[in-house]
């Protein structure tokens with residue numbers, strides 16, 4: 001098995017509410033799909049580096065896996081959203097508050113030399129917004145940066161900047177300390193992902209991409 005995560009699925013109790021919350025954070029989604037199937041309604045968000053975030057009702061996850069729905073615990077896992085400065089942490093935390101998040105721990109200086117805060121989404125999933133001076137976004141592999149250039153979420157942020165608007169929170173997931181499956185409704189899947197580039201890019205040899 002290759003060390004790759006392509007889809008993170010969060011179990012939710014109210015799919016329209018969860019969809020509205022993440023859209024308020026600036027995450028890009030086509031909305032709820034799969035409603036023609038029993039237990040099929042789900043919403044996907046396009047993240048950076050080819051990763052996707054899905055929202056799926058907890059009852060549907062239970063039906064699909066054969067596991068019973070259990071009481072979730074917010075300490076089962078955290079999702080990390082790393083940014084490039086202390087100011088970006090404060091701005092992101094304020095945006096989540098306005099979107100309806102519960103601020104668990106306001107942004108603060110951390111014991112490891114960074115700056116971070118915690119919030120919970122409407123279904124109790126715990127997110128950390130962090131600035132780590134030893135772990136900058138520029139440390140991502142060049143291949144990930146090339147894929148990022150053709151990500152729908154990235155294109156949306158560029159359009160916002162060109163129009164003079166403030167770009168939304170970058171929809172990135174940078175860390176998760178979770179097992180493969182948990183009773184709290186987290187599902188991690190590893191799939192083979194194909195990225196289709198425009199013809200003008202396909203014609204450029206990889207050795208010439210810097």
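Laboratory data are not the source of any read-out in this text; all were calculated from the coordinates shown. If you're wondering where the values come from, they're calculated on a predicted model, not measured in any experiment. Please note: Cβ atoms are built from the backbone with ideal geometry, for glycine as well, and neighbour counts cover all protein chains shown.
So here's what we get for this one:
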quantity: Residue exposure sequence - 135, 112, 127 - by fewest surrounding Cβ within 10 Å; calculated: 112, 135, 127
quantity: Ranked list, fewest to most other Cβ atoms within 10 Å of each Cβ, for 79, 5; calculated: 5, 79
quantity: 10 Å binning of all Cα-Cα separations within the range 23-92, expressed as whole percents from 0 upward; calculated: 15, 36, 36, 12, 2
